[in-house]
Amino acid sequence: MRPRLVWNVFRGFWARQHVVPGRRHLSCSNLPLEELFARGGPLRTFLERQVGSEAQLQVRRPELVAVAKLLSDKEQELQETQHLLHDENEDLRKLAENEITSCEKEIAQLKHQIILLLVPSEETDKNDLILEVTAGVGGGLRHASASIGGSEAYKHMKFEGGVHRVQRVPKTEKQGRIHTSTMTVAILPQPSEVNLVINPKDLRIDTKRASGAGGQHVNTTDSAVRVVHLPTDWHK
């Protein structure tokens with residue numbers, strides 16, 4: 001499978017996450033996630049090929065291959081454990097139930113990790129970010145912003161931008177009814193450093209000198225200097 005096809009699959013998946021009101025966390029019971037990893041689907045076929053050609057891809061995608069193998073092993077373990085639910089021994093059935101719950105959680109985490117590994121990286125993934133919230137239809141809070149920092153903060157938050165549904169019970173609501181509104185969320189990466197390059201040819205330097213009677217430095221010393229950036233007409 002070509003990488004472009006896999007990326008198109010993920011773009012469709014993330015788009016669905018933005019359109020559906022009331023975003024949900026990715027989990028094993030989340031239908032879009034299950035559809036994405038369905039047997040015979042494009043993503044599942046891609047992962048199987050990655051694992052099958054591990055020797056060739058070990059240098060390019062070692063982490064993806066390792067997580068895909070863990071997912072395959074864990075799913076096989078879950079399938080084998082599910083057979084124990086029909087065992088005559090009650091203690092063994094309870095043990096199997098606990099093991100199944102643990103397996104399902106690990107499988108959901110592995111799937112989420114695979115998604116993050118397949119999403120193309122950006123230079124700003126490791127940056128901190130600014131989160132801006134603006135009121136939409138029926139919104140109470142008009143505008144708010146917050147600075148968020150941490151390890152790969154922008155990488156984990158960059159897909160949260162868009163229109164979100166907000167449900168709340170206002171203090172003025174006497175009957176406890178839930179009010180629904182929308183908020184627009186913008187995720188902006190903070191630049192780690194700014195590299196400013198100015199071409200000397202783009203600058204015009206104007207100088208002025210004092211005139212009239214005065215001391216020995218009159219008409220010989222630049223008493224005022226103005227620098228003009230020609231492309232933008234910005235001056236100082």
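Summary table below
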item: Filter pass, ILE148 being touching a helix residue (DSSP H, G or I) at 6+ places or on another chain (Cβ under 7 Å), assigned by TED's automatic domain parsing to the domain that holds VAL185, modelled with pLDDT of 90 or more and surrounded by 14 or more Cβ atoms within 10 Å (Cβ to Cβ); result: yes
item: Top-ranked residue in region 117-133 [being surrounded by fewer than 16 Cβ atoms within 10 Å (Cβ to Cβ) and outside any loop (DSSP other than H, G, I, E, B); ranked as farthest from the chain's Cα centre (by Cα)]; result: GLU132
item: Any pair with Cβ under 8 angstrom, 6 or more apart, that starts in region 103-123 at a residue that is in contact (Cβ under 8 Å) with a residue 60 or more places away in the chain and ends at one that is of a type in the set (Gly, Ala, Ser); result: ALA108/SER27; ILE114/ALA68
item: Filtered residue count, region 146-170, keeping only those that are at negative phi and either part of a strand (DSSP E or B) or hydrophobic (A, V, I, L, M, F, W, C) (or both); result: 13
item: Test: residue in region 113-125 that is at pLDDT below 90, small (Gly, Ala, Ser) and more than 24 Å from VAL194 (Cα to Cα); result: no
item: Filter result for GLU54 (modelled with pLDDT under 85, touching a helix residue (DSSP H, G or I) at 6+ places or on another chain (Cβ under 7 Å), farther than 19 Å from PRO120 by Cα and among the acidic types (Asp, Glu)); result: yes
item: Some residue of region 11-34 being at pLDDT 80 or above, crowded, with 16+ Cβ neighbours inside 10 Å and closer than 18 Å to LYS105 by Cβ; result: no
item: Residue check for HIS143: exposed (fewer than 12 other Cβ atoms within 10 Å of the Cβ), assigned by TED's automatic domain parsing to the domain that holds ARG44 and more than 24 Å from LEU36 (Cβ to Cβ); result: no
item: Among (1) at pLDDT below 90; (2) in a strand (DSSP E or B) - the single one ALA186 does not satisfy; result: (1)
item: Enumeration of residues in region 35-51 that are modelled with pLDDT under 80 and aliphatic (A, V, I, L, M); result: VAL51
item: Positions within region 76-116 being more than 30 Å from MET157 (Cβ to Cβ) and either among the β-branched types (Val, Ile, Thr) or in contact with a strand residue (DSSP E or B) (Cβ under 9 Å, 6 or more places away or on another chain) (or both), in sequence order; result: THR81, ILE100
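The values are calculated or read from the model by the stated rules, or taken from the named source; none is laboratory data. Computed from a predicted structure; not experimentally measured. As a convention, Cβ positions derive from the backbone with ideal geometry for all residues, glycine included, and neighbour counts pool all protein chains shown.
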